[in-house]
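Only one structure is covered here, and it is reproduced in the block below.
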Amino acid sequence: MEQVVFYILAAVVLIATLFSITEKHAVHAIIYLATSFFALAVIFYLLNAPLVAVFEVIIYAGAIMVLFLFVIMMLELGHPEKILLPGVRDWAPALLLGVVTLAAFILLVLHHPPPALPANPVKIRDFATVLFRKYGVAVEIVSMQLLFALVGALYLGRRK
Amino acid sequence: MIVPLTHLLILSTLIFTMGIFCLIAWRKNIIMMLIGIEIMLNAVILAFVGGAAYWGSADGQVFALFIIAMTSAEVSLALALVVYLHRRKKSVDSDDFSTLRE
C-alpha cells in the first residue's frame with residue numbers, strides 16, 4: 001500500500017517539475033512547482049519525517065512560492081507569451097550535462113546497491129534532542145543568517 | 001523503510017538533474033534560474049530525509065530543516081536583487097546586466 005502511494009507521488013513530483021521547467025509563463029511554473037512540493041511533502045511524511053513535511057508545506061509551498069508569485073506579479077514583465085522558449089543552442093548543453101550526471105549516478109548506485117538495514121523509525125523526540133542539543137549552535141547561526149538576510153533585503157529594496 | 005534507498009536516491013537525482021537542466025537551459029531569464037535552484041535544493045532535502053530514514057538517525061532531518069531555513073534567507077535576498085535589477089533596467093534578462101564589462 002505505502003509502496004504504491006510512494007511511486008504514484010514520485011510520478012506526480014517528476015511530472016509537475018517537468019511541466020514547471022518547460023513553462024514560459026513564470027506564474028504557471030510556480031504553480032506547478034508548488035504542486036510538486038505538496039507531493040514531496042507527502043513523501044517526507046511516508047519516510048517518517050512529519051516535521052520536515054510540515055515545514056516543507058508551510059515554508060516552501062506557503063512562504064517561498066508565494067514570495068516568488070508576489071515578486072513576479074509586482075514586476076511588469078510585459079507579455080510573457082512573447083518570451084521565446086530556450087532554443088536548441090540553450091538546452092543541448094543542459095541536456096548533455098544533465099544526462100551525464102544522471103547516468104553516472106544511476107550506474108554507481110545500481111552497481112553497488114546499499115544493503116537493507118533494519119528499520120528504526122526516527123521519533124520526533126529524537127529530532128528535537130538532536131536539533132537543540134547536538135546542533136544548538138547551528139540553530140543560533142541560522143537565526144543570525146535570517147536576520148542578516150532581512151537587513152540585506154531591506155537595504156536592496158529601499159527607494160532612493 | 002517503505003522503499004529501497006536506491007529508488008529514493010534515483011528519484012532525488014532525477015529531480016536534481018531537472019534543476020540543472022532548468023538552470024542551464026533558461027540562463028537568459030533570472031527568475032527561471034532561481035526556480036532551477038529551488039528544484040535542486042529540494043532534491044537535496046529528499047536525499048537527506050531518505051538517508052535519515054535509512055540509518056534511523058535524526059541528523060538528516062535536522063539538516064533538511066537547516067536547508068529549508070537557508071533557502072528562505074537565500075530566496076529573500078535573491079528576489080530583492082531581482083527587484084533592484086528590474087528597477088534599474090526594466091528587464092529580467094541576464095544579458096542586459098553587463099555594465100561592468102563596458
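Buried surface for the A/B pair, taken as the accessible area of each chain alone minus that of the pair with a 1.4 Å probe, is close to 6700 Å² in total.
Split the accessible area of the protein assembly as shown by element, probe 1.4 Å, and carbon with sulfur accounts for 72%.
Highest GNM mean-square fluctuation among A:PRO93, A:PRO115, A:PRO50, for chain A modelled with Cα contacts below 10 Å: A:PRO115. Treat each spin label as a single point 7 Å out from the Cα along the C-beta direction, and report the A:VAL99 to A:ALA128 distance in nm. Taking the simple label geometry, A:VAL99 and A:ALA128 are separated by 5.1 nm. The H on the amide N of B:ASN29, modeled in the peptide plane, is under 5 Å from the matching H of B:SER94, each at least 5 residues off or on a different chain. Taking every lysine pair in the protein assembly as shown that is 8 or more places apart or spans two chains, those with Cα atoms closer than 19 Å amount to 11. Of A:LYS24, A:LYS134, A:LYS123, the residue with the greatest mean-square motion in the GNM of chain A, using alpha carbon springs below 10 Å, is A:LYS134. Put a dot 7 Å past the Cα of A:ALA11, heading toward its Cβ, do the same for A:ALA116, and the two dots end up 2.4 nm apart.
Taking all protein chains together and a probe of 1.4 Å, list B:ARG88, A:ARG125, A:ARG158 from the most accessible to the least accessible.
Accessible-area ranking of B:ARG88, A:ARG125, A:ARG158, largest first: A:ARG125, B:ARG88, A:ARG158.
A straight chain from A:ILE58 to A:GLU76 at 0.36 nm per residue would run longer than the Cα-Cα distance by 3.7 nm. Taking the charge dipole of chain A about its Cα centre, with +1 at Lys and Arg Cβ atoms and -1 at Asp and Glu Cβ atoms, the residue from A:LEU97, A:PRO118, A:ALA11 reaching farthest to the positive side is A:LEU97.
With the simple spin-label model, which puts each label point 7 Å out from Cα in the Cβ direction, the A:MET1 to A:LEU154 separation comes to 5.1 nm. Based on DSSP H assignment, which helices of chain A show an axial Cα extent of at least 20 Å together with a mean Kyte-Doolittle hydropathy greater than or equal to 1.6? Long hydrophobic helices here: A:2-21, A:26-46, A:88-111, A:136-157.
Using unit Cβ charges (K, R positive; D, E negative) and no other charged atoms, how large, in debye to the nearest 20, is the dipole of chain B about its Cα centre? Walk me through the numbers before you get to the answer.
Details: 7 positive and 7 negative charges, 71 e Å.
About 340 debye.
Taking all Cα pairs closer than 8 Å and separated by 6 or more residues, the relative contact order of segment B:5-90 comes to 26 percent.
Legend: calculated FRET efficiency, A:LEU18 to A:SER143, from the Cβ-Cβ distance at R0 = 30 Å, rounded to 0.05, equals 0.25.
The values are calculated or read from the model by the stated rules, or taken from the named source; none is laboratory data. What you are looking at is a predicted structure, and each value in this text was computed from that prediction instead of being measured. Cβ atoms come from the backbone with ideal geometry, glycine included; neighbour counts cover every protein chain shown. Remember, those area values only see protein heavy atoms, side chains included, never the ligands or the DNA or RNA. Shrake-Rupley method; radii C 1.70, N 1.55, O 1.52, S 1.80 Å.
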